[in-house]
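Right, one structure below, let's go through it.
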Amino acid sequence: MANLYYNDRLIIAYASIHQSAKLWSPGAEITWKRDGRRYSHTIGGLADRFKTCEEPERFVINLAKAWIDANL
């Protein structure tokens, strides 16, 4: 699991292993506060698969950054 602050948002990136295929899939949770309220956005259900657990975390962090940039 990797945590990163980006543009006042917290990105929590993670990788889940698919035991039968021995491949990893990415996911992320983006959280932030505005006007005293907490908000979140989930990135999941991606079809991309990777051989190591680090690769999907890097991949989904880039997706999360792009989502944040597009939704500021």
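Just so it is clear, none of the values below were taken in a lab; they were calculated from the coordinates. Source: prediction; values computed, not measured. Please note: Cβ atoms are built from the backbone with ideal geometry, for glycine as well, and neighbour counts cover all protein chains shown.
Here are a few things to note about the model shown:
- Of the two radii for the chain, the radius of gyration is 1.03 times the Kirkwood radius, both from the alpha carbons; that is the Rg over Rh value.
- For the chain, trypsin sites (Lys or Arg not before Pro) are listed when DSSP marks them as loop and at most 13 other Cβ atoms sit within 10 Å of their Cβ; the list is K22, K51.
- The lysines within cross-link reach of K65, meaning a Cα-to-Cα straight distance under 19 Å and a gap of 8 or more places when in the same chain, are K33.
- Dipole magnitude (debye, nearest 20) for the chain, charges at Cβ of Lys, Arg, Asp, Glu: 120 debye
- Lysines with Cα under 22 Å of K22, excluding same-chain neighbours fewer than 8 positions away: K51
- If the segment from N62 to K33 were pulled out straight at 0.36 nm per residue, it would be longer than the present Cα-Cα gap by 8.3 nm.
- Between E55 and N3, residue separation times 0.36 nm minus the direct Cα-Cα distance comes to 17.3 nm.
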